[in-house]
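Here the structure comes first, spelled out in structure tokens, and everything after it is commentary.
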Amino acid sequence: MKLCSDSVLLAAWFFPHFREARRVADIGAGSGILSLLAACIIPHARITAIEIDRKASLACEANFAASPWADRLESVNCDFNGFVAGNPAPFDVVISNPPYFAVGERSADKSRATARHQSSLAYTDILAHSMLSSDGHLGLVSPADIEQEIIYNAELNRLKVRRLCRVRTSPSKSPIRLLWDISPTDGPLSDTTLSLRDSDGSYSGAYRELVEPFYMKL
């Protein structure tokens, strides 16, 4: 799987608020980028990466083994709903960059199709079975056009949106992505906007501040 800039942005925005977390789950882990970032940012957490595709799960295992945090990372090759059915203990933090596409042409490559299409993992599944502790937090990234769908399904499952970041490519553009922090615990909502680039086309200071520590070159 290619390194996904959405995953880096989500991790950089979400994880620093939960540095004391002890148990983290990464749903639809792919090759493990969110799990690796969790291990980097949250110093004492044990991270479980759940991935249905066997090849991706093997890549995840190899990446974990090659990292400085191998003793805190676990890759589980199974379907998310099957993992939930095993009644895992609640997690302090759950994160996912799930497949975006509910319809449309599928890739001929089975692994790419699984990674891109919601037939393998849908937002509704994650929100219905969030696996969170009573004061846990769920981090998601989504297309901007399904905001109301996610809010509706969160409320349906007694979850509250605590932080929402609207990501746009430049100050003159409409948001293209949403970053979500969702919890069973109610509280005030922080609703912010992040521009990836300034009007001159250069990366914005706010975006650089968030993600630059995780890139060798930005």
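Take residue 37 and tell me if it is surrounded by fewer than 23 Cβ atoms within 10 Å (Cβ to Cβ), touching a Ser or Thr at 6+ places or on another chain (Cβ under 9 Å) and either within 15 Å of residue 215 (Cβ to Cβ) or in contact (Cβ under 8 Å) with a residue 60 or more places away in the chain (or both). Yes: the conditions hold for residue 37. Pairs are defined by a Cβ separation below 8 Å, a sequence spacing of at least 6 or placement on different chains, a first member in segment 197-218 that is over 20 Å from residue 173 (Cβ atoms), and a second member that is part of a loop (DSSP other than H, G, I, E, B) and at pLDDT below 95; the pairs so defined are 212/218. For the condition modelled with pLDDT of 95 or more, under 23 Å from residue 174 (Cα atoms), crowded, with 16+ Cβ neighbours inside 10 Å and among the hydroxyl-bearing types (Ser, Thr, Tyr), residue 142 qualifies.
Annotation note: of 130, 120, the sole residue that is farther than 17 Å from residue 9 by Cβ, under 15 Å from the mean Cα position of the chain (by Cα), at pLDDT below 90 and part of a loop (DSSP other than H, G, I, E, B) is 130.
Could you tell me whether any residue of segment 10-22 is at pLDDT below 95, of a type in the set (Lys, Arg) and more than 16 Å from residue 76 (Cα to Cα)? So far as segment 10-22 goes, no, none of its residues is at pLDDT below 95, of a type in the set (Lys, Arg) and more than 16 Å from residue 76 (Cα to Cα). When restricted to residues that are touching a residue at least 40 places away in the same chain (Cβ under 8 Å) and among the charged types (D, E, K, R), segment 40-72 contains 2.
Could you list, in sequence order, the residues of segment 145-160 that are in a loop (DSSP other than H, G, I, E, B) and either surrounded by fewer than 14 Cβ atoms within 10 Å (Cβ to Cβ) or at positive phi (or both)? Passing the criteria: only 158.
Filtered by the rule that a residue be surrounded by fewer than 18 Cβ atoms within 10 Å (Cβ to Cβ) and within 23 Å of residue 52 (Cβ to Cβ), segment 6-31 gives a lone residue, 6.
Under the condition of being buried (at least 17 other Cβ atoms within 10 Å of the Cβ) and either at pLDDT below 95 or among the polar types (S, T, N, Q) (or both), the residues counted in segment 161-200 number 2.
Residues that are surrounded by fewer than 14 Cβ atoms within 10 Å (Cβ to Cβ), of a type in the set (A, V, I, L, M) and either modelled with pLDDT of 95 or more or assigned to a loop (DSSP other than H, G, I, E, B) (or both) within segment 48-107 comprise 62, 65, 66, 70, 89, 102, 103, listed in sequence order. Summed over segment 192-206, the residues that are out of contact with any Cys (no Cβ under 8 Å at 6 or more places or on another chain), of a type outside the set (Gly, Ala, Ser) and within 26 Å of residue 154 (Cβ to Cβ) give a count of 1.
The values are calculated or read from the model by the stated rules, or taken from the named source; none is laboratory data. Note that the coordinates shown come from a computational prediction; the quantities given were computed from them, not determined experimentally. Note that we place each Cβ from the backbone using ideal geometry, even for glycine, and neighbour counts take in every protein chain shown.
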